[in-house]
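Note sheet for the following structure.
The values are calculated or read from the model by the stated rules, or taken from the named source; none is laboratory data. What you see is a predicted model; the values in this text were computed from it and never measured. Virtual Cβ from ideal backbone geometry, glycine too; neighbours counted across all protein chains shown.
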Amino acid sequence: MINLGCIDLNQWYARCDDVDRPDYLHFDLDPVPGAEVRTGARNRAGGARRPGFVRDAFLRQDDRLEGIHVYVPIVRGPTQKQVWTIAKEIAHVLASANPELITAIYKVANRPKGRVLVDYNQNAWGRTLASIYSIRPTPRASVSTPVTWKEVEKGIKIEDFRIDNVRKRFEKLGDLWKPLLDNRKRFDLKPYLK
């Protein structure tokens, strides 16, 4: 296996002119054994007032898809800590409304079995995520790829998006991430600040 780990680029949540004011909040939908991330993803999308953007997520050691990343574009203004606080509250509200399906309990030992974790902690200061279209250090050179909610519901595998096929996908579907940058379609968190 060729180690391509150096190609896996990490992005910050904010732009350089003000690194403490994020442009989006983020959730990892992280299944534990027995949990169904697609069901959790559908629930997450249905529970939001404005749908987020989704992409494949991180891997287990056996290169299987482990979860889904959901990004919600926000109006720039709240600090990173405020965004983290709101993301935490959203995760706990979703878990309370769907206790048999999802959890927001971060500590592994305390998590209920068979629930999808709505992980809000990636919104904490200093966290970064692999950039879209970056190559992952896997045997088949998988690529971190934006996907549609329809694809999530249908079922995707990490090997579906590789260095040898992602360019054709991009040419066919366009940049699924482009709307994330649209300033007109951003969720305003100000009403939720305490």
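Here D175, D182 are screened, and the one residue that is closer than 16 Å to V54 by Cα, of a type outside the set (A, V, I, L, M) and modelled with pLDDT of 90 or more is D175.
Do we find that R60 is within 20 Å of S144 (Cβ to Cβ), at pLDDT below 85, among the basic types (K, R) and over 12 Å from the mean Cα position of the chain (by Cα) in this structure?
yes
Among the criteria (1) surrounded by 22 or more Cβ atoms within 10 Å (Cβ to Cβ); (2) closer than 21 Å to A14 by Cα; (3) at pLDDT 90 or above; (4) of a type in the set (V, I, T), the one V75 does not fulfil is (1).
Contact annotation: residue pairs with Cβ atoms under 8 Å, 6 or more positions apart or on different chains, pairing a residue in segment 165-186 that is over 22 Å from I135 (Cα atoms) with a partner that is part of a helix (DSSP H, G or I), are K185/P179.
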